[in-house]
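Notes follow once the structure below has been shown.
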Amino acid sequence: MPTFDTRSFLLHGLISAVFCCAIALALTVSGQGAWDVQLAYSLGIGIVAWLVIDLGRAWLTRQNSEAWPPGWRGILLIAAGIATGYVAGTAIGTAYSGSTPHPHGPLSGLAITIAAGAGISFFFYSQGKARYLQAHMAQAQRDAAEARLKLLEAQLEPHMLFNTLANLRVLVATDPPRAQAMLDHLIAYLRATLGASRATQHPLADEFERLRDYLELMAVRMGPRLAYQLDLPEGLRAASVPPLLLQPLVENAIRHGLEPQVEGGRITVRAGTRPGPAGMRLVLEVLDTGTGLAAQAPAGDAPGSHFGLAQVRERLATLHGSDFTLDLIAGSAGGTSVTITFPFKSTP
């Protein structure tokens, strides 16, 4: 249920008061009476009409997110506000001046009230409608981005699962005890994954825990050929990241960097921050001691065209537009590093 917008309510009141002062000044300049008397009539009528219309609008739209009551309800509300404002405001002005009502004529006063009330109501209606449409457009964009992120995550999870099952199939035939251990890790990993929230963002600490589960799975299959280190500073545990952001990068490092080497290698995943022009940025790095970019890229393929990297780029673009970087760098002594940066935000 929408909440009462106090800021908008008070802003409408301020605009109404300024408009009333302008009407009083115009009537005074045109010789209709003293400034203070005109101001008493104008403010009395305008403020009462504003209270009736704005409070009525808030009450009639309390069950939905619309900015203005639709159809005949909105028209009737404006008419009721103008009528109430005219009667009550005239009484206030008369009480202040001590003279007979309508120093510039009852018909003239009513015409001014109707014209001013209708004009300022249309102005508020136009503003409210514009805010309503902008809010709905923003919500539609957020929903589309969330749906896209969920689709990308849904593509990543089967990709990882199929690769793991293929590795498990090999181990079942060659090393049943290790296959059993790998199956146990896979069950634990899937239980944690399926039990987790399907939100488009989660804390970086959860991402590292899921990554640890995945690396333990790979360590069963590769044995001493795989070593890893996860470096997450305490102050970054609550940083907000999309689920499965780092796993595709680690999977690429294992599949294309470490596995082709007889001796295997080491993977390091670390998090940090750096200042940016618009605030602090989160920096995530995946480094491996594998074969390097030249050995990884098949003939005709661009370096970094693997499935995981494409998915990471697309997910970051969906969340941050162009406000992110993804750098794939060949190490001077072999191996590869992938560094991604984007605006730092904490998980609510």
Would you point out which residue out of Gln134, Gln141, Gln180 is out of contact with any helix residue (DSSP H, G or I) (no Cβ under 7 Å at 6 or more places or on another chain), at pLDDT below 70 and either open to solvent by 90 Å² or more (accessible area, probe 1.4 Å) or in a helix (DSSP H, G or I) (or both)? Gln141
Given the options Trp72, Trp35, name the one that is modelled with pLDDT under 80 and closer than 20 Å to Ser121 by Cα. Trp72
Among the numbered criteria (1) open to solvent by 20 Å² or more (accessible area, probe 1.4 Å); (2) at pLDDT 85 or above; (3) more than 23 Å from Arg225 (Cα to Cα), which one does Pro298 miss? (2)
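Residues checked against (1) closer than 22 Å to Ala173 by Cα; (2) crowded, with 22+ Cβ neighbours inside 10 Å:
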residue	(1), (2)
Glu209	no, no
Arg212	no, no
Ala219	yes, no
Leu249	no, yes
Arg255	yes, no
Val269	no, yes
Gly276	no, no
The one condition Ser337 fails out of (1) open to solvent by 50 Å² or more (accessible area, probe 1.4 Å); (2) touching a strand residue (DSSP E or B) at 6+ places or on another chain (Cβ under 7 Å); (3) at pLDDT 85 or above; (4) small (Gly, Ala, Ser) is (1)
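The values are calculated or read from the model by the stated rules, or taken from the named source; none is laboratory data. Predicted model only: the values in this text are computed from it and were never measured. All Cβ positions, glycine included, derive from the backbone under ideal geometry; neighbour counts span all protein chains shown. For accessibility, only protein heavy atoms count, side chains too; no ligands or nucleic acids. Shrake-Rupley method; radii C 1.70, N 1.55, O 1.52, S 1.80 Å.
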